[in-house]
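J.: First the structure, then my questions, so here it is.
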Amino acid sequence: MAVNKTEPLWQDRDIKFDLSPAEMQFHCGEKLIDKLDSVEDTKGNSGDAGKLFITNLRLIWQSYVKPRVSLSVGFNCVTNMSTRTVNSKLRGMTEALYILTKVHSTRFEFIFTNLIPGTSRLMTSVMSVYKAYNSSKWYRELKLRGSVVQSKQLKVLPQEQIYSKVNGVWNLSSDQGNLGTFFITNIRLVWHANMNELFNISIPYIQIVTLKVRESKFGMALVVESSENSGGYVLGFKIDPLERLQEVFKEISSLYQVHSTNPILGVDFFIEEKVIADNEVPQCPPLDEDVEIINTKECDTFAAYFADENHIRDREPVYCEELGLAVEKIKDGFTMSSLWEVIPSS
C-alpha cells in the first residue's frame, strides 16, 4: 500500500528567470493576493515597466513589452527586505523596494520601483504578505523537536482540525524504538514521545512525497518519506495490531489526498483596497511549436541580479571594531561605514 505525490512545491523555495508558461502557472494552493501595475524591475530591466503579482508563496514580475522577460522570487529565499532610494530611468530619484535573497550559495538582489507617484502600496503589500508567510512556517516546513506539544496536547494552528489521536505508536528511528503518540490533522502528521514531549516531529502533508506500509525489521510499519527540500527523511512508525495500522494508514492517506488537492498553506492575507479576479494570473504568450528557442542569455540574466558578482563562497569572519562583532570580511575597496550608506543605482 502506497500513496505518492507527483508535484513538489518549489514556488516559494526557488528563484527563476524568464519563466516558461508552466512555471507561470500557480501551484495548487497558491493564491493571488495582489497585483500591481506599472512596476519597474530597476535592477535587471531598468527602464522596462511591467506588472507584479504577489501570491502567498512568491513574487512574479512580468514585462509589458516582452512578456517572456519575467522572474519568480520565492518568499523562502528572501533574507532581507527594505526600502532604498534609487535612480529609476522611468521615475528618476525615488524610493523603491529592495529585496536581498539567497538560493543555495548564490545571492541575488532585486529592486522594484512603483511607477505610480504618491502610493506606497508596493512596499506595504509585499512586506505584509512576506511577514504573513514567515509567521506561518508550521504549515509548510518539517519541524524536529519544536514547541508543538504542551502537556501532551497538540498546539493547534488556525484552520487546523485534529481528526485522530493515536496512542501506542513506536518511532523506529533508533534500534530500540521510542513509544509515543500520533496527532492526525487536516494539515500535518505530528508524533511525540510519551516520556519526553520535546522529542517530536511535525510533518506537513505538503512536504510528504510518499506514504506506505511495508515490512521492516520490527515488522510491518508505516513509512513516511519527506521531500528533498525538507531533508529527505524516511521515517518509520509501528502500530499494533496490523488491522489498526491499516486503519491509521487509510485515514492519513485520505487526509493527505484531500490536502494535496486543496492544500492549506497558512498565509492568510487580504488586500481590502482592490478586488482581484480569480482568473487574473500572469500569462506567457503561446509558443510557436515549429521554432526551437535556445536560451543563450541565462548567465547574463543571473549576472544582472547578483548581489556580489565575484562571490563564490562566504569570506572568513573577522572582528569589526566599529560594531564590536565578528563579521564576514569586507571586499577590498569597501569600508563598514560605506556599506551603510544609501547609494543610488546607476
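The values are calculated or read from the model by the stated rules, or taken from the named source; none is laboratory data. This is a predicted model, so every value here is computed, not measured. Here Cβ is always computed from backbone atoms with ideal geometry, including for glycine, and neighbour counts include all displayed protein chains. Accessible surface is based on the protein model in full, side chains and every heavy atom, while ligands, DNA and RNA are left aside. Shrake-Rupley method; radii C 1.70, N 1.55, O 1.52, S 1.80 Å.
J.: Which members of the stretch 4-39 meet the condition of being part of a strand (DSSP E or B), among the acidic types (Asp, Glu) and under 15 Å from residue 73 (Cβ atoms)?
T.: Matches in the stretch 4-39: 34 only.
J.: Whether any residue in the stretch 17-36 is touching a His at 6+ places or on another chain (Cβ under 6 Å) and within 20 Å of residue 260 (Cβ to Cβ) is what I want to check. Outline the logic, then answer.
T.: Step one: of the stretch 17-36, the residues touching a His at 6+ places or on another chain (Cβ under 6 Å) are none.
Scanning the stretch 17-36, I find no residue that is touching a His at 6+ places or on another chain (Cβ under 6 Å) and within 20 Å of residue 260 (Cβ to Cβ), so the answer is no.
J.: Output the residue which, of all residues in the stretch 189-210 that are more than 23 Å from the chain's Cα centre (by Cα) and aliphatic (A, V, I, L, M), is least open to solvent (accessible area, probe 1.4 Å).
T.: Among those that are more than 23 Å from the chain's Cα centre (by Cα) and aliphatic (A, V, I, L, M), it is 193.
J.: If I go through the stretch 208-233 residue by residue, how many of them are among the polar types (S, T, N, Q) and free of Cβ contacts under 8 Å to residues at least 60 places away in the same chain?
T.: Counting residues in the stretch 208-233 that are among the polar types (S, T, N, Q) and free of Cβ contacts under 8 Å to residues at least 60 places away in the same chain gives 1.
J.: May I pose another question? With open to solvent by 80 Å² or more (accessible area, probe 1.4 Å) and either farther than 28 Å from residue 216 by Cα or in contact (Cβ under 8 Å) with a residue 12 or more places away in the chain (or both) as the only criterion, which of 167, 171, 178 stands out?
T.: 167
J.: Return the residue satisfying two criteria in turn: it lies in the stretch 108-119 and is assigned to a loop (DSSP other than H, G, I, E, B) and among the β-branched types (Val, Ile, Thr), and of such residues it is nearest to residue 41 (Cα to Cα).
T.: So in the stretch 108-119, the residues assigned to a loop (DSSP other than H, G, I, E, B) come out as 115-119.
Now narrow it down to the ones that are among the β-branched types (Val, Ile, Thr): 116, 119.
Details: 116: 14, 119: 17 Å.
The extreme case among them is 116.
J.: Also, I was wondering about something else. Scanning the stretch 81-107 for residues that are in a loop (DSSP other than H, G, I, E, B) and in contact with a strand residue (DSSP E or B) (Cβ under 7 Å, 6 or more places away or on another chain), which turns out surrounded by the most Cβ atoms within 10 Å (Cβ to Cβ)? It would help to see each step written out before you state the result.
T.: Our first condition is that a residue be in a loop (DSSP other than H, G, I, E, B); within the stretch 81-107, this holds for 89-91, 104-105.
Next, from what is left, pick out any that are in contact with a strand residue (DSSP E or B) (Cβ under 7 Å, 6 or more places away or on another chain): 90-91.
On the way: 90: 14, 91: 18.
My answer is 91.
J.: Which residue is nearest to the chain's Cα centre (by Cα), if the candidates are limited to the stretch 40-80 and must be in a loop (DSSP other than H, G, I, E, B) and crowded, with 20+ Cβ neighbours inside 10 Å?
T.: 57
J.: Which of the following residues is open to solvent by 50 Å² or more (accessible area, probe 1.4 Å) and touching a helix residue (DSSP H, G or I) at 6+ places or on another chain (Cβ under 9 Å): 143, 152?
T.: Exactly one of 143, 152 is open to solvent by 50 Å² or more (accessible area, probe 1.4 Å) and touching a helix residue (DSSP H, G or I) at 6+ places or on another chain (Cβ under 9 Å), namely 143.
J.: Answer with yes or no whether residue 185 is touching a Lys or Arg at 6+ places or on another chain (Cβ under 9 Å) and either within 13 Å of residue 235 (Cβ to Cβ) or open to solvent by less than 10 Å² (accessible area, probe 1.4 Å) (or both).
T.: Here the answer is no, as residue 185 does not meet what is asked.
J.: Additional query: Right, residue 164: in contact with a helix residue (DSSP H, G or I) (Cβ under 8 Å, 6 or more places away or on another chain) and either over 24 Å from residue 250 (Cα atoms) or of a type in the set (Ser, Thr, Tyr) (or both) or not?
T.: On the way: in contact with a helix residue (DSSP H, G or I) (Cβ under 8 Å, 6 or more places away or on another chain): yes; either over 24 Å from residue 250 (Cα atoms) or of a type in the set (Ser, Thr, Tyr) (or both): yes.
It is true that residue 164 is in contact with a helix residue (DSSP H, G or I) (Cβ under 8 Å, 6 or more places away or on another chain) and either over 24 Å from residue 250 (Cα atoms) or of a type in the set (Ser, Thr, Tyr) (or both).
J.: Residue by residue through the stretch 172-208, note down the ones that are assigned to a strand (DSSP E or B), touching a Gly at 6+ places or on another chain (Cβ under 9 Å) and among the aliphatic types (A, V, I, L, M).
T.: Matches in the stretch 172-208: 179, 193, 201.
J.: Further, regarding this structure: Is the stretch 180-187 home to any residue that is among the β-branched types (Val, Ile, Thr), touching a Ser or Thr at 6+ places or on another chain (Cβ under 7 Å) and at pLDDT 95 or above?
T.: Yes, the conditions are met somewhere in the stretch 180-187.
J.: Separate question: Being open to solvent by 10 Å² or more (accessible area, probe 1.4 Å), of a type in the set (Gly, Ala, Ser) and either in contact with an Asp or Glu (Cβ under 9 Å, 6 or more places away or on another chain) or more than 24 Å from residue 139 (Cβ to Cβ) (or both), is that true of even one residue in the stretch 234-244?
T.: The answer is yes; a qualifying residue exists.
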